[in-house]
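Enquirer: Just passing along the structure, written as structure tokens.
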Amino acid sequence: MKKATVGAVVVGAAATVAVAALIVRHRMRKSSKWARAMAILKEFEEKCRTPDAKLKQVADAMTVEMHAGLASEGGSKLKMLISYVDNLPTGDEEGVFYALDLGGTNFRVLRVQLGGKDGGIVHQEFAEASIPPNLMVGTSEALFDYIAAELAKFVAEEEERFHQPPGKQRELGFTFSFPIMQTSINSGTLIRWTKGFSIDDTVGQDVVAELTKAMQRKGIDMRVSALVNDTVGTLAGGRFSNKDVCIAVILGTGTNAAYVERAQAIPKWHGPLPKSGEMVINMEWGNFRSSHLPLTEYDHAMDTDSLNPGEQIFEKICSGMYLGEILRRVLLRMAEEAGIFGDEVPPKLKNQFILRTPEMSAMHHDTSSDLRVVGDKLKDILEISNTSLKTRRLVVELCNIVATRGARLAAAGVLGIVKKMGRDTPRESGQEKIVVAMDGGLYEHYTEYRKCLENTLVELLGEEMATSIVFEHANDGSGIGAALLAASNSLYVEDKS
């Protein structure tokens, strides 16, 4: 019995040692995996670094590309398109004007009443409609007839107090956010359709002429007085309320910038110089690229997998369409190589663009002690349950790295514009402020991104210049701005003198 007892004790002790060894190996394995996750994090963080010196190199590269784009057609990745907007709103505009904002599969029509000097925008209203899928691949006549029919309904609801005097046409600003070659303030030929549209018979045609014919077919007596894109419209909207607005930036699904350039500084300007001596330039800065941009393997892979590889590089690291996807790609690698979500890689984590930037923003802004929002988002979107607090903190840190890089690079882009305008050094006391009109869902809703962008630009300009830079949110610039440009370029503007 004694021998049996001793044997049992020995076996029990051996089992205990074996279990302990398994626990130790398990812990070592977990520790090793976590060390791998942290190594991936540190590598990503290092490659995304944007020290001030690098940002200034990016800004200088942006300025160089701006010069090149203005100097010759195709001389730069930046299109530097002449908008023909040389008569920005002053705040003195008066009357009722319409706008049509076609930015994608949805469009809006607006009616804006302006009160003249010190009157501002007295009244505004709008209606929205969606483009039926069959019209996105049909004919130009069918598409514009549909748009004109919706506009006709909106005009029919016009109150008597908004009616135009006899002999005076209604006037409209047309926001057309597709690539066009503009030939005047109210004409431009379509280069190509994007955003799911494919209507071959419109390419090379004047989109204002197409819209005008459709309005005539629908019995609408209206003149298109201004053709703009959303960024130029945002600048116009900002200038209406603040005369110091000279730059506009859209940070939403995509990104773009426009600014006010001296007409004499545009070498490719043909014809008489604008009376105002200024011209708004639509940069199309989403296509900017430079060797100074801190690109990672995740960015290169995302670009390769995109519908437009090699294009829109700046947009792919700064804008709302892509930030969440960059985050997903880093998390996927951590899941595959470090098992941060368990032994199996969550299937949904392999789906491109499943993790959108609004969800990334919500996780980044989670201030709860247990990071509950992060846990809920991972569960709801990726079907990842029971994540540890340590893992959730890792996710938040990744959100911060991705957003910080994007925001700081956007700030560097703005600095490049400021440098091109010769406004990057202190002037005499009482100098005009540099007001940047900002719009887009990323800027409006992603608070950490917005704060980082604004603080970075102030930091880059230096203490002396810090008070001269102002950001203003120009909400709905693409629509209101178009109506304002219709007003400032009105056929009847001389009657108001």
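The values are calculated or read from the model by the stated rules, or taken from the named source; none is laboratory data. Every value quoted in this text rests on a predicted model; they were computed, and no experiment measured them. Cβ placement follows ideal geometry from the backbone for every residue including glycine, while neighbour counts extend to all protein chains displayed. All accessible areas refer to the heavy atoms of the entire protein, side chains included, with ligands and DNA or RNA removed. Shrake-Rupley method; radii C 1.70, N 1.55, O 1.52, S 1.80 Å.
Enquirer: Quick check: is even one residue across segment 273-295 open to solvent by less than 10 Å² (accessible area, probe 1.4 Å) and without any contact (Cβ under 8 Å) to a residue 60 or more places away in the chain?
Expert: Yes, segment 273-295 has at least one match.
Matching residues to (1) open to solvent by 40 Å² or more (accessible area, probe 1.4 Å); (2) among the acidic types (Asp, Glu); (3) within 30 Å of Arg392 (Cβ to Cβ); (4) at pLDDT 65 or above:
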site	(1), (2), (3), (4)
Lys2	yes, no, no, no
Met38	yes, no, yes, yes
Ile82	no, no, no, yes
Asn87	yes, no, no, yes
Gly95	no, no, no, yes
Tyr98	no, no, no, yes
Gly103	no, no, no, yes
Arg111	no, no, no, yes
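Enquirer: Given the criteria farther than 30 Å from Gly75 by Cβ and of a type outside the set (A, V, I, L, M, F, W, C), does Lys379 qualify?
Expert: Working: farther than 30 Å from Gly75 by Cβ: yes; of a type outside the set (A, V, I, L, M, F, W, C): yes.
Considered against the rule, which asks whether it is farther than 30 Å from Gly75 by Cβ and of a type outside the set (A, V, I, L, M, F, W, C), Lys379 comes out as yes.
Enquirer: A further question on this structure: Kindly indicate whether Ile317 is more than 25 Å from Ser76 (Cβ to Cβ), open to solvent by less than 10 Å² (accessible area, probe 1.4 Å) and within 21 Å of the chain's Cα centre (by Cα).
Expert: On the way: more than 25 Å from Ser76 (Cβ to Cβ): no; open to solvent by less than 10 Å² (accessible area, probe 1.4 Å): yes; within 21 Å of the chain's Cα centre (by Cα): yes.
For Ile317, the condition - more than 25 Å from Ser76 (Cβ to Cβ), open to solvent by less than 10 Å² (accessible area, probe 1.4 Å) and within 21 Å of the chain's Cα centre (by Cα) - is not met.
Enquirer: Which residue is farthest from Leu409 (Cα to Cα), if the candidates are limited to segment 449-473 and must be among the β-branched types (Val, Ile, Thr) and crowded, with 20+ Cβ neighbours inside 10 Å? Talk me through it step by step, then tell me what you get.
Expert: Here is the first cut: in segment 449-473, the residues among the β-branched types (Val, Ile, Thr) are 456, 458, 467, 469-470.
This time we only want the ones that are crowded, with 20+ Cβ neighbours inside 10 Å, so: 456, 469.
On the way: Thr456: 9, Ile469: 17 Å.
Going through the qualifying residues, I end up with Ile469.
Enquirer: May I pose another question? Within segment 270-306, track down each residue that is among the charged types (D, E, K, R), at pLDDT 95 or above and part of a loop (DSSP other than H, G, I, E, B).
Expert: Within segment 270-306, just Arg289 meets the criteria.
Enquirer: One residue is enough: does segment 414-431 have a residue meeting the conditions within 30 Å of Val345 (Cα to Cα) and of a type outside the set (Lys, Arg)?
Expert: From segment 414-431, those within 30 Å of Val345 (Cα to Cα) are none; that's our starting set.
Looking through segment 414-431, none of the residues is within 30 Å of Val345 (Cα to Cα) and of a type outside the set (Lys, Arg).
Enquirer: Further, regarding this structure: Given the conditions (1) closer than 21 Å to Leu211 by Cβ; (2) of a type in the set (A, V, I, L, M); (3) open to solvent by less than 10 Å² (accessible area, probe 1.4 Å), and given that Leu78 satisfies all but one, which numbered condition is not satisfied?
Expert: It is condition (1) that Leu78 fails.
Enquirer: So for segment 102-117 (the condition being free of Cβ contacts under 8 Å to residues at least 24 places away in the same chain and within 18 Å of Pro179 (Cα to Cα)), does at least one residue qualify?
Expert: Looking through segment 102-117, none of the residues is free of Cβ contacts under 8 Å to residues at least 24 places away in the same chain and within 18 Å of Pro179 (Cα to Cα).
Enquirer: Another question about this same structure. Taking segment 320-344, which residues are hydrophobic (A, V, I, L, M, F, W, C), part of a loop (DSSP other than H, G, I, E, B) and closer than 23 Å to Thr304 by Cα?
Expert: So in segment 320-344, the residues hydrophobic (A, V, I, L, M, F, W, C) come out as 321, 323, 326-327, 330-332, 334-335, 338, 340-341.
In the following step, the residues that additionally are part of a loop (DSSP other than H, G, I, E, B) were identified as 321, 340-341.
The one that is hydrophobic (A, V, I, L, M, F, W, C), part of a loop (DSSP other than H, G, I, E, B) and closer than 23 Å to Thr304 by Cα: Met321.
Enquirer: Give Gly138, Gly188, Gly116 a once-over and let me know the one that is open to solvent by less than 40 Å² (accessible area, probe 1.4 Å) and more than 29 Å from Asn308 (Cβ to Cβ).
Expert: Gly116
Enquirer: If you take the residues in segment 210-266 that are part of a loop (DSSP other than H, G, I, E, B) and of a type in the set (Gly, Ala, Ser), which one is farthest from Phe178 (Cα to Cα)? Break it down into steps so the answer makes sense when it comes.
Expert: Let us first name the residues in segment 210-266 that are part of a loop (DSSP other than H, G, I, E, B), namely 218-221, 229, 242-244, 252-254, 266.
Next, only the ones that are of a type in the set (Gly, Ala, Ser) stay: 219, 252, 254.
Details: Gly219: 26, Gly252: 16, Gly254: 13 Å.
By that ranking, first place goes to Gly219.
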